[in-house]
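As structure tokens, the structure follows; a few thoughts come after it.
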Amino acid sequence: MKTFVSDDYQITLEDNGGFTVSIKKYFIDDTRITYNTDNKKPWMKWYGKETFDSSQSITGLGLSTCDLRILHEALEVVGKQDLMDNEIVFVDKK
């Protein structure tokens, strides 16, 4: 396992090819998103230590735009952003 840390997130790579991303938030519990290649629904969003939602796709987790941007940035660091790029396109209005 290897862990990468920034001001906004921490990402830990698992031995099976999966990962855990903890998105740091102020005054509330961190959001944890895991991707486990061994699960039928590989994407999971954790609330606290025991409660979670799972989905076959990242869009099924109902993440906020802010969380999606931080997750994408974290996945770019470890070269796994293609897991999101197939489903999500960020469009900025100017």
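Relative contact order of the chain: 17 percent, from C-alpha pairs under 8 Å at least 6 residues apart in sequence.
To the nearest 20 Debye, how big is the dipole of the chain about its Cα centre, given +1 on the beta carbon of each Lys and Arg and -1 on that of each Asp and Glu? Walk me through the numbers before you get to the answer.
Values: 12 positive and 16 negative charges, 37 e Å.
Dipole of the chain, to the nearest 20 debye: 180 debye.
Electrostatic tally near Lys49: other residues with Cβ closer than 10 Å to its Cβ, Lys and Arg +1, Asp and Glu -1, net -1. Karplus-based coupling profile of segment 39-50, in residue order and whole Hz: 8, 5, 10, x, 8, 9, 10, 9, 10, x, 9, 10, with θ = phi - 60° in 6.51 cos²θ - 1.76 cosθ + 1.60 and x standing for Gly or Pro.
Per DSSP H run of n ≥ 4, the term is -39500 (n - 2.57); total these for the chain, divide by its residue number, and report the mean residue ellipticity at 222 nm rounded to 500 deg cm²/dmol.
Numbers: 2 runs with 17 residues, N = 94.
Result for the chain: -5000 deg cm²/dmol, rounded to the nearest 500.
Every pair of different Cα atoms in the chain enters the Kirkwood calculation, which places the hydrodynamic radius at 13.6 Å.
All of the numbers you see were taken from the coordinates with simple rules; none came from a lab. Quick caveat: nothing in here was measured; it's all calculated off a predicted structure. Glycine gets a Cβ as well: all are built from the backbone with ideal geometry, and neighbour counts include every protein chain shown.
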